[in-house]
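Please read the structure below before turning to the comments.
The values are calculated or read from the model by the stated rules, or taken from the named source; none is laboratory data. What you are looking at is a predicted structure, and each value in this text was computed from that prediction instead of being measured. So basically every Cβ, Gly included, is an ideal-geometry build from the backbone, and we count neighbours across all protein chains shown. Accessible surface is based on the protein model in full, side chains and every heavy atom, while ligands, DNA and RNA are left aside. Shrake-Rupley method; radii C 1.70, N 1.55, O 1.52, S 1.80 Å.
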Amino acid sequence: MHRIPLLIILLASSCASLPTAGGARHEASIDELAPVTVGGVRQWLLLRGEDSRRPVLFFVHGGPGSTLMPFSRAFDGDLVHRFLVVHWDQRQAGKSFDPEIPDSSIRIPRYVEDCLEVLSYLHRRFPTQAIILVGHSWGTVIGSLAAARNPPGLAAYVGVSQVVDFVRSEQLAYAWALSQAQGTASDSATAVTKLGPPPYQSVDGVLGLSAALMQLGGVVRRVPLERLGEAVSSSPDYTPQDLDQQEKAAMLSIRLLLPELNSFRAEKEVPALPVPAWFIQGADDRICPRKLLADFLGKLQAPRGKHEVTLEGLGHFPFWDDPQGFAREIERIAHSIEADSRRE
């Protein structure tokens, strides 16, 4: 399939070298914020690494529309020392929001093609380096669909908080929230009762359940949400305009993609993965329950291996709950990939 080539425009003012663990700056380091043309529209990448010659760790954020870029520097410091870390603000998300982008392009197949174009760009720019795609939540939908196409340069797929069945996940999350809220007079109890059971056909329903789960401890487990807000507001990569438009962009993305998300079933859409696959799951994640992941992995065809990693005491954002522990798991995965490549 023909893909529109990427046009990269480097921002000289955003390029700088990163300090090594010992404080010195490595000549091959990279800290680059760059707009690229993907699928005919401008989208943004943030590339950071102590040594740009190391394996590429390509994050595909969740949401839809919930970008990692504005708070990435608060959790990926350990990863930047070991990898070339790439964050991508997807179509109509964060810095990539553009009111001129047609609503008709906000569809899962278009996002998959965008993801493949970014992968192609990274492979062309860093042709000798392995690329590990790390999808999170919604990002696992488009990330797994892209990985199933076995694009050049992709060494492995890592699904963090893997989406298996969106509606079933909501049903399990609602039942858990109801059980936690019953017998209390909290705002969460009132909110869950008013919501009623899923599936939801509106943004209000989806966000209402997510808010209740957040308040009940089913999303973030260890780090106060205030810290997340502080990281976002102090981001050097986001302008005030970027921050202002982020919520609008996320709401638009969820509204337009919700019908497709409600019909997504990983078992049907991603029956096989041709690349080595890992699935990292917070044991206390109530948005993407572990039970559904276990069912999916039992049926997934993965001739090059499939591995489940459960992180106890963590929720839907394990890289935020425990950045050091998450980085260790990613390093173990990278070591396994390197060992397998030497044997091949």
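Reported count of residues in the range 197-212, each being modelled with pLDDT of 90 or more, in contact with a Gly (Cβ under 9 Å, 6 or more places away or on another chain) and not hydroxyl-bearing (S, T, Y), is 3. Take the conditions within 24 Å of P151 (Cα to Cα), crowded, with 19+ Cβ neighbours inside 10 Å, in contact with a Pro (Cβ under 7 Å, 6 or more places away or on another chain) and aromatic (F, W, Y) and apply them to F83. Does it pass? So F83 passes the test.
Select from the range 63-119 the residues that are in a strand (DSSP E or B) and not polar (S, T, N, Q) and write down the one among them that is farthest from the chain's Cα centre (by Cα). Filtering first and then ranking leaves L84. Checked against the criterion of being farther than 26 Å from L297 by Cβ and of a type in the set (S, T, Y), the candidates S210, S161, S169, S202 yield just one match: S202. Picking from residues in the range 86-109 that are surrounded by fewer than 17 Cβ atoms within 10 Å (Cβ to Cβ) and charged (D, E, K, R), the one that is nearest to P236 (Cα to Cα) is D98. Which residues, taken from the range 209-247, are of a type in the set (K, R) and either open to solvent by less than 20 Å² (accessible area, probe 1.4 Å) or over 29 Å from P197 (Cβ atoms) (or both)? R222, R227 - these are the residues of the range 209-247 that are of a type in the set (K, R) and either open to solvent by less than 20 Å² (accessible area, probe 1.4 Å) or over 29 Å from P197 (Cβ atoms) (or both). With respect to R286, is the statement that it is within 23 Å of R328 (Cβ to Cβ), open to solvent by 40 Å² or more (accessible area, probe 1.4 Å) and not in a helix (DSSP H, G or I) true? Against the criterion (within 23 Å of R328 (Cβ to Cβ), open to solvent by 40 Å² or more (accessible area, probe 1.4 Å) and not in a helix (DSSP H, G or I)), R286 does not qualify. Restricting the first member to the range 46-62 and to residues that are in a strand (DSSP E or B), and the second to residues that are open to solvent by less than 20 Å² (accessible area, probe 1.4 Å) and of a type in the set (S, T, Y), the beta-carbon pairs closer than 6 Å and six or more apart or on different chains are G62/S137. Hey, does the range 149-165 have a residue that's under 30 Å from L216 (Cα atoms), open to solvent by 10 Å² or more (accessible area, probe 1.4 Å) and outside any loop (DSSP other than H, G, I, E, B)? There is at least one residue in the range 149-165 that is under 30 Å from L216 (Cα atoms), open to solvent by 10 Å² or more (accessible area, probe 1.4 Å) and outside any loop (DSSP other than H, G, I, E, B).
Go through (1) surrounded by fewer than 24 Cβ atoms within 10 Å (Cβ to Cβ); (2) in contact (Cβ under 8 Å) with a residue 40 or more places away in the chain; (3) among the hydroxyl-bearing types (S, T, Y) and name the single condition T67 misses. Condition not satisfied by T67: (1).
Scanning the range 298-328 for residues that are within 16 Å of the chain's Cα centre (by Cα) and either small (G, A, S) or in a helix (DSSP H, G or I) (or both), we see that the one that is surrounded by the fewest Cβ atoms within 10 Å (Cβ to Cβ) is P323. For the range 261-283, filtering for residues that are open to solvent by 50 Å² or more (accessible area, probe 1.4 Å) and either modelled with pLDDT under 95 or touching a helix residue (DSSP H, G or I) at 6+ places or on another chain (Cβ under 6 Å) (or both) leaves 1.
Of the numbered conditions (1) touching a residue at least 24 places away in the same chain (Cβ under 8 Å); (2) touching a strand residue (DSSP E or B) at 6+ places or on another chain (Cβ under 9 Å); (3) in a helix (DSSP H, G or I); (4) farther than 17 Å from Q171 by Cα, L257 fails exactly one; give the number of that condition. Looking at each condition in turn, L257 falls short on (2). Does V141 count as part of a helix (DSSP H, G or I) and within 26 Å of E331 (Cα to Cα)? So V141 fits the description; yes.
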